[in-house]
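Below is one structure, written out as C-alpha cells; the observations come after it.
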Amino acid sequence: MTAPAAALAPARLGHLKVCGARTRADLDLLAATGPTLVGLWHGIPGGPADLPPQHLADLAATAIRLGLEPVLVTFLDDPHHLARLARETGIRWIQLHAYQSPALAARLREQLPYAVLVKVLHLARGRCLERAFTPAYERAGVDLFLLDTVTDDGRVGSTGQSLDPADVHALLPRLSIPFLLAGGLSAHNRDTYRTVTDHPLYAGADIDTAARDRAGHLTREAVTALARAWHPRPQEARA
C-alpha cells in the first residue's frame with residue numbers, strides 16, 4: 001500500500017472530519033468525541049477560523065499527538081508555499097478548497113508524493129462547477145474529492161447549505177476516486193444521504209456548522225451527536 005493510500009484508509013465506517021478548529025481546547029474536545037480528521041484553515045482571507053502559520057503548526061502538532069489527522073484547508077494556489085508549509089508543520093492532508101487548477105495539484109503531488117490531496121468539487125444549484133475537470137484532477141494525483149455547496153452569492157465552505165442527494169448521484173459516475181461528503185450535514189439528516197453513504201466510493205463526512213453552537217463554538221454535545229450519526233462505533237452501527 002502506498003503512503004497516500006495508507007493514510008487514506010478510513011475507519012471501518014468512514015472518516016468524520018470536523019472543520020475549523022481554532023484552539024487546543026477544540027482539539028481536546030474532538031479527540032474525546034470521535035472524529036478522525038480535523039480541518040485547520042490557513043490562507044482563507046477573512047475566514048473566521050483562519051490561522052497564522054505558527055498557530056497552524058502548533059495545532060497540527062497537538063492534533064497528531066492526540067491521534068487526530070490534521071487537514072490543511074486552504075484557498076492558496078502556490079504549490080511551493082503549500083509544500084513548504086506541509087513539511088514545516090508535519091501535515092499530510094491538504095484540502096484545496098477553492099478553484100485551484102489540476103496543474104497546481106500535479107505540482108503539489110510532485111513535491112509531496114506522500115501527501116493525501118483533497119480537491120473540493122463545488123455544486124451550485126445542483127451543477128458541479130468543476131465537472132469537466134474531474135478526470136484531470138484524478139490524473140494530477142488528487143486522492144479524494146470533497147463534495148460541497150456554493151451559495152447563490154458565491155460563498156464556498158462552511159455555508160451550512162445542504163446538498164441534494166440526487167445532485168450527488170448525478171455527479172458520482174464521473175468519479176473514480178473516493179469522496180467525502182459535505183454541505184449542510186447534521187446529526188439528524190444521515191438517513192437523507194443513505195444512498196450516498198452506501199456508495200462504494202464514499203469515504204466519510206465533513207462537517208462544520210452543525211458542530212457549533214450559535215456563537216460559533218464547537219460543543220461536546222453537538223460533536224458527540226454527529227459522531228454517533230456519521231461515525232458510529234461498530235457496536236452502535238449494529239444497534
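The values are calculated or read from the model by the stated rules, or taken from the named source; none is laboratory data. Keep in mind it's a predicted model, so treat the numbers as computed, not measured. Cβ coordinates were reconstructed from backbone atoms using ideal geometry, including for glycine residues, and neighbour counts include every protein chain displayed. Quick note on the areas: whole protein, heavy atoms, side chains included, nothing else; ligands and nucleic acids left out. Shrake-Rupley method; radii C 1.70, N 1.55, O 1.52, S 1.80 Å.
Could you check how much of the accessible area of the range 17-132 is carbon and sulfur, as a whole percent, using a 1.4 Å probe?
On the way: 2500 of 4540 Å².
So the carbon and sulfur contribution to the accessible surface is 55 percent.
Rounded to a whole number, what is D in µm²/s for the range 172-218 from Stokes-Einstein with the Kirkwood radius over alpha-carbon pairs (10 °C, 1.306 mPa s)? Before the final figure, lay out the partial values.
Values: Rh = 11.9 Å.
Reported coefficient: 133 µm²/s.
Using the heavy atoms of the protein chains alone and a 1.4 angstrom probe, what is the accessible area of the chain per residue in square angstrom?
Values: 10590 Å² over 239 residues.
Result: 44 Å² of accessible area for each residue.
Can you tell me the length gained on complete extension of the stretch residue 195 to residue 23, counting 0.36 nm per residue apart and subtracting the Cα distance? Don't skip to the end; give the middle numbers.
On the way: separation 172, 0.36 × 172 = 61.92 nm, distance 3.52 nm.
Net length gain for the segment: 58.4 nm.
For the range 59-121, count all C-alpha to C-alpha pairs, find those more than 17 Å apart, and express that count as a whole percent of the total.
On the way: 635 of 1953 pairs.
Cα-Cα pairs in the range 59-121 separated by more than 17 Å: 33 percent.
Please work out the Cα convex hull volume for the chain and give it in Å³ per residue. Write down the numbers at each step before the final one.
Details: hull volume 29.0 nm³, N = 239.
Normalising the Cα hull of the chain by residue number yields 121 Å³.
What net charge do the residues around residue 115 carry, taking every other residue with its C-beta under 11 Å from that of residue 115, with Lys and Arg at +1 and Asp and Glu at -1? If you can, show how the numbers build up before the last one.
Numbers: positive: 87, 92, 109; negative: 110, 143.
Result for the neighbourhood of residue 115: +1.
Can you compute the charge dipole magnitude of the range 22-105 about its Cα centre, using +1 on each Lys and Arg Cβ and -1 on each Asp and Glu Cβ, nothing else charged? Give it in debye, rounded to the nearest 20.
On the way: 6 positive and 8 negative charges, 32 e Å.
The dipole of the range 22-105 has a size of about 160 debye.
Along the Cα→Cβ direction, 7 angstrom out, place labels at residue 221 and residue 166. What is the inter-label distance in nm?
For residue 221 paired with residue 166, the spin-label model returns 3.6 nm.
With both partners inside the chain, how many of the DSSP beta bridges are antiparallel, as a percent to the nearest 5?
Numbers: 4 of 37 bridges.
Here the share of antiparallel DSSP bridges comes out near 10 percent.
Just to be sure I follow the definition: excluding the sites themselves, where is the longest run in the chain that has none of the trypsin sites (Lys or Arg not before Pro) in a DSSP loop with at most 12 other Cβ atoms within 10 Å? All intermediate terms of the calculation are to be shown ahead of the outcome.
Details: sites that count: 12, 125, 155, 214.
With trypsin sites (Lys or Arg not before Pro) excluded where exposed in loops, the chain gives 13-124 as its longest stretch.
Could you tell me the distance between the Cα centroids of the range 184-221 and the range 19-34, to the nearest Å?
Result: 16 Å between the Cα centres.
What does the charge dipole of the chain about its Cα centre add up to, to the nearest 20 debye, if the Cβ of each Lys and Arg holds +1 and the Cβ of each Asp and Glu holds -1? Before the final figure, lay out the partial values.
On the way: 25 positive and 24 negative charges, 82 e Å.
Dipole magnitude for the chain comes out near 400 debye.
For the range 51-99, give the magnitude of the charge dipole about the Cα centre (Cβ charges: +1 Lys/Arg, -1 Asp/Glu; no others), in debye to the nearest 20. Working shown, then result.
Working: 4 positive and 5 negative charges, 31 e Å.
With Lys and Arg at +1 and Asp and Glu at -1, about 140 debye.
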